[in-house]
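Okay, structure first, notes after.
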Amino acid sequence: MPTIVVLGAGVSGLTCALLLAKKGNEVTVIAKHMPGDYDAEYTSPWAGANVLPMAMAKDSRWERRTWPELARLAKEVPEAGIHFQTVRVLRRQKDVAEGFKAALSDGLFQPNPWYKDLMPDYRELPKSELPEGMHSGCEFTSVCINTAIYLPWLIGQCAKYGVKFKRAVLKHISEAAHMSHTGGKADIIINASGLLACRLGGVMDKAVYPARGQIILVRNSAKGLMPTVSGSDDGEDEVIYVMERAYGGGTILGGTYMKGNWDPNPDPNIAMRIMKRTVQTHPELTGGKGIEGLDIIRHGVGLRPAREGGVRIEKEMIDGTWVVHNYGHAGWGYQGSYGCAERVVELVDEIAGQLKRTSKL
Ligand code: FAD
């Protein structure tokens, strides 16, 4: 089996490490940030995270292949920190008239969406259930992942299958080839460096940029509902979503999708607008008491790893070592995590076959 070094301990790197280790590969994970750290450039801890399908077309294997595994974890593995919740998607009249320019995702808000056959209990909302100003809406069963539980759970699962972990900051992707815990040179490197792929030597992907997400974590319960709206009157990069994390993780109020903005500090004016919008959309959050009824745990900012042209999952030979890239998941890194990691495993298998044929393995 090949010796593999995974660069990155976000949801992308850890899911790849787990699937690769389960197949018997020798896997080492190298990362600057690990679960437990909070830094805007380490995106995974900041995510809600829930499943709001974002692809425009049915053929997105990333989301289609991930949903069954997240649903299985929610149903059968309580220690993973995932629970079922009901998504309510609201399409505003003005956004439908303008053909949608949703910052968060166009795919989510399409009428008659492809994902109605994927997500359980899908139903269109009758007019009587629509708030004022809404053209239409739908509900379906989804999950919310408590990332503060799920990321450490992934580490534990990786450890169970023999993955080893090292903290390091790499200047160049090729350094990873010499960092396997086995002491030997790695046959394959997995590049799951997220947003920092734009600064990593040997990669320096100029198509990668931050999509700044500001959130507020509150103690209020969302009562099983995860509402989201197709737009807001506060600007194209200000969005609306609410989701309650499993097992007392608090409720995330979001948010923003600010392209090219690297500011890691919460902006108090934006925070005020987020609170107003979310309480207006979901008054049950504070039992009708308005934003004064919110009980704030903390404010935060995470930078989504967006990429012109979309996610990069492909193999490339760099300085004599095969690298499989898996970065640029923007706002869907969790809901596409297993689908993308499966593709990484396929590429690793292709490379391993080639190395065997040329007696290099
Ligand atoms: P990261 O989590 O950023 O991990 C990158 C890793 O690479 C880190 O360990 C880092 O230290 C390491 N690294 C990078 N460069 C180096 C280097 N040079 N040397 C050593 N280590 C390095 N997604 C969903 O699916 N559902 C949601 O509901 C959702 N909500 C979100 C809400 C917000 C506010 C935000 C900010 C994001 C949200 N996302 C959501 C998106 C999701 O969080 C990201 O797509 C995902 O976390 C990206 O994970 P990653 O592993 O690719 O990157």
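The values are calculated or read from the model by the stated rules, or taken from the named source; none is laboratory data. This is a predicted model, so every value here is computed, not measured. As a convention, Cβ positions derive from the backbone with ideal geometry for all residues, glycine included, and neighbour counts pool all protein chains shown.
Here is a list: A71, A47. Which entry is more than 9 Å from the ligand (Cβ to nearest atom) and touching a residue at least 24 places away in the same chain (Cβ under 8 Å)? Let's see the steps before the verdict.
Values: A47 fails: more than 9 Å from the ligand (Cβ to nearest atom).
Exactly one of A71, A47 is more than 9 Å from the ligand (Cβ to nearest atom) and touching a residue at least 24 places away in the same chain (Cβ under 8 Å), namely A71.
Within the range 215-230, does at least one residue satisfy the condition of being more than 24 Å from the chain's Cα centre (by Cα) and surrounded by fewer than 16 Cβ atoms within 10 Å (Cβ to Cβ)?
Step one: list which residues in the range 215-230 are more than 24 Å from the chain's Cα centre (by Cα), which gives none.
Looking through the range 215-230, none of the residues is more than 24 Å from the chain's Cα centre (by Cα) and surrounded by fewer than 16 Cβ atoms within 10 Å (Cβ to Cβ).
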Looking at (1) assigned by TED's automatic domain parsing to the domain that holds P35; (2) of a type in the set (G, A, S); (3) more than 26 Å from E236 (Cβ to Cβ), which is the one condition that is false for S128?
(1)
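Conditions (1) touching a residue at least 40 places away in the same chain (Cβ under 8 Å); (2) within 10 Å of the ligand (Cβ to nearest atom), marked per residue:
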| site | (1), (2) |
| --- | --- |
| A186 | yes, no |
| A197 | yes, yes |
| A207 | yes, no |
| D233 | no, no |
| Y241 | yes, yes |
| D263 | yes, no |
| P266 | yes, no |
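Quick one: which of W62, W114 is farther than 27 Å from E284 by Cα, within 16 Å of the ligand (Cβ to nearest atom) and aromatic (F, W, Y)?
Numbers: W114 fails: within 16 Å of the ligand (Cβ to nearest atom).
Checking each option against the conditions leaves just W62.
In this structure, is G201 on the phi > 0 side of the Ramachandran plot, of a type outside the set (D, E, K, R) and touching a residue at least 12 places away in the same chain (Cβ under 8 Å)?
Details: on the phi > 0 side of the Ramachandran plot: no; of a type outside the set (D, E, K, R): yes; touching a residue at least 12 places away in the same chain (Cβ under 8 Å): yes.
No; evaluated as a whole, the condition is false for this residue.
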Here is a list of conditions, (1) part of a strand (DSSP E or B); (2) touching an Asp or Glu at 6+ places or on another chain (Cβ under 9 Å); (3) not aliphatic (A, V, I, L, M), and R304 meets all of them except one; can you say which number that is?
(2)
Helices (runs of 4 or more DSSP H) wholly in the range 1-106 with at least 1 residues that are at pLDDT 95 or above - which ones?
11-22, 61-76
Checking K94 against (1) loosely packed, with under 14 Cβ neighbours inside 10 Å; (2) within 14 Å of the ligand (Cβ to nearest atom), which single condition isn't satisfied?
(2)
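Which is in a loop (DSSP other than H, G, I, E, B) and either within 12 Å of the ligand (Cβ to nearest atom) or surrounded by fewer than 21 Cβ atoms within 10 Å (Cβ to Cβ) (or both), of E132, E139? I'd like the intermediate steps shown before the answer.
Working: E139 fails: in a loop (DSSP other than H, G, I, E, B).
Answer to the selection: E132.
Quick grid of which residues meet (1) assigned to a strand (DSSP E or B); (2) at pLDDT 95 or above; (3) over 22 Å from E308 (Cβ atoms); (4) assigned by TED's automatic domain parsing to the domain that holds G302:
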| residue | (1), (2), (3), (4) |
| --- | --- |
| G213 | yes, yes, no, yes |
| L217 | yes, yes, yes, yes |
| A222 | no, yes, yes, yes |
| P227 | yes, yes, yes, yes |
| Y241 | yes, yes, yes, yes |
| G248 | no, yes, yes, yes |
| G255 | yes, yes, no, yes |
Single match in L7, L52, L14 (criterion: outside the structural domain of V203 (by TED's automatic domain parsing) and either within 15 Å of the ligand (Cβ to nearest atom) or of a type outside the set (D, E, K, R) (or both)):
L52
